[in-house]
Every structure is written in structure tokens, then in C-alpha cells.
Amino acid sequence: MELKERFVLRPKTTMRIGGIARYFAELMTKDDAEAALQYSGKQQLKFLPLGSGSNTIFADEVNALVVQVKHTITDVAGDMVTVGAGKNLAMLINELALLGLNLSALTGIPGTVGGAIFGNAGQGPKGVWIDSFVESVTVFDGAWKTLSQSECAFRYRESVFKDSEKPLLIWEAVLKLPKADPVAIKTTIETLLKKRIETQPHLKTAGSCFKAIGQTPAWKLIDAAGLRGYKVGGIEVSPKHANFLINVGEATYADAVSVVEAVQEKIPENLEVEMRFVEPDGTLRF
């Protein structure tokens, strides 16, 4: 395991604000995962697994060991797919489409397989989420375990991985996928991508920020509260889609926090913060 100090965490898929980790490590093997968790314990550092960072905003400096799983091997046997948590989700969807395996419902969702499982990524409250395809997930929390689909406690945008106070490092998953004509899958992927491009912002954003508690979508609640286009510093509630925060200048972590708090104040009982805001000590703010 190669340990990097004061590593800048600003991948292009994020809002590109904040994000200097005291320590950072890429985990290629299970031995790496074991060494990283052991090191964080010895140094009394928060152990913080990160997918691609597509739904995470970091404070300016984070006193933690941030790790990324780089296990990306994909093995296909019939309709069963074993895939490393570090695999890019969009690449996986397209590769499987060529084999006639249909994961197109997750088209347009940025990030890794592990990140998607962590937040049970998918469509809206009545749509398809990744848990529809999960058979099992291999995790590490000091011991290697394989969790069944039911043990993952998936709900809308939630999972046991979010619930757990003790970090559960997602290493790989087994998915069971429906079969379909490759041409038909490709057509569906193209249609869904076009829709996302038309309806969502794609520059300097960390994706959907809020999750609605009731039946009304988060963006509608934010819009009704008059917050579409609301701005603090360099952070703006997107005029294109009110559930997205965008960096329109030299935005800071504090700007993003202020915008979220303003939305919470206006809509106190109907929204939860879906985006991860990582504080200087490695804990989550919301």
C-alpha cells in the first residue's frame, strides 16, 4: 500500500472545492485494504472510503485516511456478474450491454460500482435502483464478510453501508442481470443519456444534493420555496435542476454548507441531505 500525504481530492466529476486529505491510499489488493485499516487505527485517524467522489464535498483540509478501492476486475458467468467496487459504473453498463446484459436503468449515474452500492443509486423513488440487481456484496471492516442482498438493508438512497458507524469497505459485488438484445440496450442507454443531458447540469456539480422524505420530488420542493438560482459565494442552486448545486466561481466548502442550511431552513421537514459533506475531522456534517 502506497501512502500519500496531503493529497488533493478534486476529481473532475466533483464541484472541485476543498479536499486536501492528510493521508490517501489506493487499494489494489485485499492486503492493501487490511494495511490501510490497520494504519488508520494506529494513527487514530478516521478511515474514509471514497468512490470517485462524484457525490462528496470535502472541507478544505481533512484529517483522515481517505482510501479508494482500485479493484475493478469483472467476471461474467451467464447472467451473473462479479465486479470490483472500483469499476466505473458507466463503463460497466456499456461493457455488459455488448454481452446482452441489461444494466441500462443506471445509465448516467456517475461514479463507481462501490459508490452506487453505498448510496443505492438509481432512478427516483418509484424507479429502479442498483439493489434490484445485487445478489451479494463483499466488505471489509477488520474481517472479510460477504453480505446477502437482504443484509445490505437497501432502501431508497440508503443501505447498511450508510447506516454503519463502523466503516464497511465495499470490495466487490455479485450482480444478477436480465438479458436483452444488445442493440435494444444500446438504444435505451442513448435515450436515457440524452434525457439526463437535457434536464441536469453537468459542470462542477456533485449530483443530487437532497432526498425527499415524502412523495414530492426534492427539486419541486426547492423550486416551490423560491430557491432555484439561490446563491451564496460561488455555489448556486442550479437554474436547470433545483436539486443540483453548481460551482459557478471560486466556491468554498463553507459556501456549499451555507446553501444547504438555507434550503433546510426553508424546507425543514421534507428533505434529507443526500450528498456527503466531509468535515475537517473526517466526519459527515449532515
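The values are calculated or read from the model by the stated rules, or taken from the named source; none is laboratory data. Quantities reported herein were computed from a predicted structural model and do not represent experimental measurements. All Cβ positions, even for glycine, are placed from backbone atoms using ideal geometry, and neighbour counts span all protein chains on display.
Any residue that is under 12 Å from LEU175 (Cα atoms), in the same structural domain as ILE170 (by TED's automatic domain parsing), among the polar types (S, T, N, Q) and assigned to a helix (DSSP H, G or I) - is there at least one of those in region 86-106?
No, region 86-106 contains no residue that is under 12 Å from LEU175 (Cα atoms), in the same structural domain as ILE170 (by TED's automatic domain parsing), among the polar types (S, T, N, Q) and assigned to a helix (DSSP H, G or I).
Is one or more of the residues making up region 107-128 more than 22 Å from PRO201 (Cα to Cα) and part of a strand (DSSP E or B)?
no
Inspect region 23-37 for any residue being of a type in the set (Val, Ile, Thr) and more than 27 Å from LYS176 (Cβ to Cβ) and give the result as yes or no. Reasoning before the result, please.
Pass one, region 23-37, residues of a type in the set (Val, Ile, Thr): 29.
Filter again for more than 27 Å from LYS176 (Cβ to Cβ), leaving none.
Scanning region 23-37 turns up no residue that is of a type in the set (Val, Ile, Thr) and more than 27 Å from LYS176 (Cβ to Cβ).
Going by what's in this entry, would GLU274 be described as under 27 Å from LYS166 (Cα atoms), surrounded by 13 or more Cβ atoms within 10 Å (Cβ to Cβ) and without any contact (Cβ under 8 Å) to a residue 12 or more places away in the chain? Let's see the steps before the verdict.
On the way: under 27 Å from LYS166 (Cα atoms): yes; surrounded by 13 or more Cβ atoms within 10 Å (Cβ to Cβ): yes; without any contact (Cβ under 8 Å) to a residue 12 or more places away in the chain: no.
Judged against the criteria, GLU274 is not a match.
Which residue pairs have Cβ atoms closer than 6 Å, lie 6 or more positions apart in sequence or on different chains, and pair a first residue in region 91-117 that is touching a residue at least 60 places away in the same chain (Cβ under 8 Å) with a second residue that is surrounded by fewer than 21 Cβ atoms within 10 Å (Cβ to Cβ) and among the small types (Gly, Ala, Ser)?
ASN102/ALA180; GLY111/SER52; THR112/SER52
Hey, can you tell me all the residues within region 112-137 that are closer than 19 Å to ALA212 by Cα and aromatic (Phe, Trp, Tyr)?
Answer for region 112-137, where residues must be closer than 19 Å to ALA212 by Cα and aromatic (Phe, Trp, Tyr): PHE118, TRP129.
In the list ALA242, ALA256, which residue meets the criterion of being of a type in the set (Gly, Ala, Ser), out of contact with any Asp or Glu (no Cβ under 9 Å at 6 or more places or on another chain) and at pLDDT 95 or above? Walk me through how you get there before you give the answer.
Values: ALA242 fails: out of contact with any Asp or Glu (no Cβ under 9 Å at 6 or more places or on another chain).
Only one candidate qualifies: ALA256.
Keeping to region 152-171, report how many residues are in contact with a helix residue (DSSP H, G or I) (Cβ under 7 Å, 6 or more places away or on another chain) and over 21 Å from MET28 (Cα atoms).
6
Pull up region 202-254, narrow it to residues that are of a type in the set (Phe, Trp, Tyr) and more than 18 Å from GLY108 (Cβ to Cβ), then point me to the one that is surrounded by the fewest Cβ atoms within 10 Å (Cβ to Cβ).
Quick first cut of region 202-254, residues of a type in the set (Phe, Trp, Tyr) only: 210, 219, 230, 244, 253.
Retained after the next criterion (residues that are more than 18 Å from GLY108 (Cβ to Cβ)): 210, 230, 253.
On the way: PHE210: 25, TYR230: 18, TYR253: 23.
My answer is TYR230.
Exactly one of (1) outside any loop (DSSP other than H, G, I, E, B); (2) assigned by TED's automatic domain parsing to the domain that holds SER132; (3) in contact with a strand residue (DSSP E or B) (Cβ under 8 Å, 6 or more places away or on another chain) is unmet by ALA21. Its number?
Exception for ALA21: condition (2).
Tell me yes or no: at least one residue of region 53-65 is in contact (Cβ under 8 Å) with a residue 60 or more places away in the chain, in contact with a helix residue (DSSP H, G or I) (Cβ under 7 Å, 6 or more places away or on another chain) and either surrounded by fewer than 21 Cβ atoms within 10 Å (Cβ to Cβ) or not assigned by TED's automatic domain parsing to the domain that holds ASP31 (or both).
Yes, region 53-65 contains a residue that is in contact (Cβ under 8 Å) with a residue 60 or more places away in the chain, in contact with a helix residue (DSSP H, G or I) (Cβ under 7 Å, 6 or more places away or on another chain) and either surrounded by fewer than 21 Cβ atoms within 10 Å (Cβ to Cβ) or not assigned by TED's automatic domain parsing to the domain that holds ASP31 (or both).
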